[in-house]
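Derivation of every value follows stated rules applied to the coordinates shown; laboratory data play no part. A quick note: this is a predicted structure, and the numbers were derived from the prediction, not measured. Cβ: placed from backbone, ideal geometry, glycine included. Neighbour counts: every protein chain shown.
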Amino acid sequence: MQEFATQSEANEWRDDHRTEDHRTGIRTVFGTIREQQPESAQADPTLVETGQSKSQRDRIKNIRELISKLENECDDGAPVPFIVIEAEMVGMTQSKAQTELEKLKQKGEVYEPRSGFVRTT
């Protein structure tokens, strides 16, 4: 235990250590928050330039490639369930694959010639 000659020394020591403990706590909390943030919230310089994170661009590229490959094998286009299954095989979740597919439809980069099938534009 630290011994002090005066109360002001004790207060000064307490304030100095409380401040350091406080800073350490803040660094710990912010570090934990940063680790738990979704990828879209983390700093990505290309996100500012393109409006999309690198991983999102990679997902879109993968979905477009899958559609291109599958649409050549089927007369009606690429079957959506097959796209989702193939996307899982390359490490994408079903929900991410479906979300990216919907975004591509909304942007007009793919279309549905028939329900459940898509083609690239």
Taking amide H atoms as placed 1.01 Å from N in the peptide plane, list the residues 5 or more away in sequence, or in a different chain, whose amide H sits under 5 Å from that of residue 117. 80
For the pair residue 102/residue 121, report the inter-label distance in nm, with labels modelled 7 Å from Cα in the Cβ direction. 1.9
Work out from phi, with θ = phi - 60° and the Karplus expression 6.51 cos²θ - 1.76 cosθ + 1.60, the ³J(HN,Hα) of each residue of the stretch 101-107, listed in order in whole Hz, and give x for Gly and Pro. 4, 5, 5, 5, 5, 4, 7
If the chain between residue 54 and residue 6 were fully stretched, how many nm would it gain, using 0.36 nm times the residue separation less the Cα-Cα distance? 11.4 nm
